[in-house]
Amino acid sequence: METILYFQSQSKTNAAEKLGGVQDVAAKCGWLVQTVPGLPSAKRIAALVEFWHPVGAIVECGGTAATVAPAVFGGLPVVFFDHDPSCLPRNAFCVTHDSAATAQMAARELLRTDATAFAFVPYPEPRFWSAARERGFVSALSLNGRGCRVFTGRPSPADPTRYTRELRAFVAALPRPCALFAANDGVAAEVLSAAVFAQVKVPDELAVIGVDDARDICEHTRPTLSSIKPDFRRGGELAALLLAARLRDREQFRGARRRTFGPLAVVPRASTRRLRAHDPAVADALDLIRREACAGLTAARVLERFPCSRRQAEMRFRKATGHSVLEEMHAIQLARAKDLLREGTMPLKAISDFCGFENPNSLRKFFKAQTGQTMSGWREAAKL
């Protein structure tokens with residue numbers, strides 16, 4: 001069996017999805033994928049190539065500022081994954097996230113709010129993907145006749161708290177209501193923290209959306225964080241497919257050497273959800289549903305949190321959101337089931353355990369009623 005090396009970024013954001021996409025193609029090509037954490041020195045790379053005798057490699061840079069000289073791999077066919085294209089030779093093979101398309105998706109989502117002002121907060125350190133998201137967001141807003149305030153603060157080793165102070169001041173000075181796009185979920189979490197200190201209400205005065213759908217961040221901020229989910233699995237597939245084409249065609253390769261994968265969807269949470277009628281109890285209930293709908297939560301338990309009768313609680317929830325508690329829970333469960341089906345690695349029988357259903361048959365009936373498709377049929381269609 002032929003081996004390929006997969007140099008995996010230290011960043012764990014959706015690492016399993018990226019690797020899963022690579023492995024899907026590898027299985028069809030008959031490759032063994034040997035992962036290598038991080039990016040070793042040139043000397044160690046040479047030793048690894050000597051040890052494994054790979055036919056090729058995929059180098060995932062994780063969107064960091066690190067750049068890699070293709071020469072360190074010698075003549076080994078290599079595809080760079082999430083590497084700054086401007087730092088690579090023009091003939092290098094690379095796959096990157098389409099940050100401009102992600103910014104456009106964020107703009108469409110935020111333009112649907114009642115915001116009268118818009119803002120962007122970049123990554124604290126220079127990153128090519130952050131700059132691309134800023135340009136795309138500003139351009140999309142300009143197309144729709146809107147301006148954008150951009151945060152320009154940067155960390156200072158001499159003054160560790162300056163960045164935080166400046167971010168709080170920036171958030172406090174934004175016109176309201178405002179809609180803000182952050183370069184990624186980590187930055188968005190910082191914005192939410194700054195809003196607390198600046199006494200800016202989210203989402204009523206400030207709607208916030210990030211990128212990556214990093215659930216360890218998004219589900220634990222207060223309020224929970226809306227995010228753009230990139231199609232990381234597709235990115236892994238493209239990297240592996242590009243490597244396969246390069247190995248097949250060798251010097252005869254005539255296809256595009258630079259490919260992009262786009263955003264998959266907006267994952268809405270409380271940070272962009274303005275209620276029809278402001279109700280703190282409903283906001284608290286929505287956060288609870290977001291966190292626990294797929295962990296055995298019941299509608300009765302949600303309604304118990306309201307300081308009123310169950311009937312009144314249902315009425316308050318519907319007035320604020322336009323639908324029932326159960327419908328909200330079902331939407332979260334359906335989205336989770338689709339995520340797991342799209343990832344393609346989990347057996348259908350096991351998915352119910354991760355979506356809050358007692359058994360696989362209950363989930364199958366629910367999924368068919370909601371989508372009109374069987375789970376297996378939906379999974380196959382999602383691969384196209």
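Among the residues examined, residue 260 qualifies as outside the structural domain of residue 182 (by TED's automatic domain parsing), of a type in the set (Ser, Thr, Tyr) and touching a residue at least 12 places away in the same chain (Cβ under 8 Å). If you check 304, 327 for being surrounded by fewer than 18 Cβ atoms within 10 Å (Cβ to Cβ), under 26 Å from the mean Cα position of the chain (by Cα) and among the acidic types (Asp, Glu), only one passes: 327.
For region 140-151, the candidate set comprises residues that are free of Cβ contacts under 8 Å to residues at least 24 places away in the same chain and not hydrophobic (A, V, I, L, M, F, W, C); within that set, the residue that is surrounded by the most Cβ atoms within 10 Å (Cβ to Cβ) is 142.
Kindly provide the set of residues from region 330-357 that are small (Gly, Ala, Ser) and surrounded by fewer than 20 Cβ atoms within 10 Å (Cβ to Cβ), ordered by number.
331, 335, 344, 350
Inside region 228-255, can you point out the residues that are in contact with a Leu (Cβ under 9 Å, 6 or more places away or on another chain) and either part of a loop (DSSP other than H, G, I, E, B) or of a type in the set (Val, Ile, Thr) (or both)?
228, 231, 255
Residue-level check: of (1) over 25 Å from residue 218 (Cβ atoms); (2) surrounded by fewer than 20 Cβ atoms within 10 Å (Cβ to Cβ); (3) within 25 Å of the chain's Cα centre (by Cα), residue 6 misses just (2).
Within region 101-139, if we keep just the residues that are aromatic (Phe, Trp, Tyr) and within 16 Å of residue 227 (Cβ to Cβ), the residue that is surrounded by the fewest Cβ atoms within 10 Å (Cβ to Cβ) turns out to be 123. Could you figure out which of (1) on the phi < 0 side of the Ramachandran plot; (2) crowded, with 20+ Cβ neighbours inside 10 Å isn't true of residue 34? Against the list (1) on the phi < 0 side of the Ramachandran plot; (2) crowded, with 20+ Cβ neighbours inside 10 Å, residue 34 comes up short only on (2).
The values are calculated or read from the model by the stated rules, or taken from the named source; none is laboratory data. Owing to the predicted nature of the structure, the values given are computational and were not obtained by experimental measurement. Don't worry about glycine lacking a Cβ; one is built from the backbone with ideal geometry, like all the others, and counts go over all protein chains shown.
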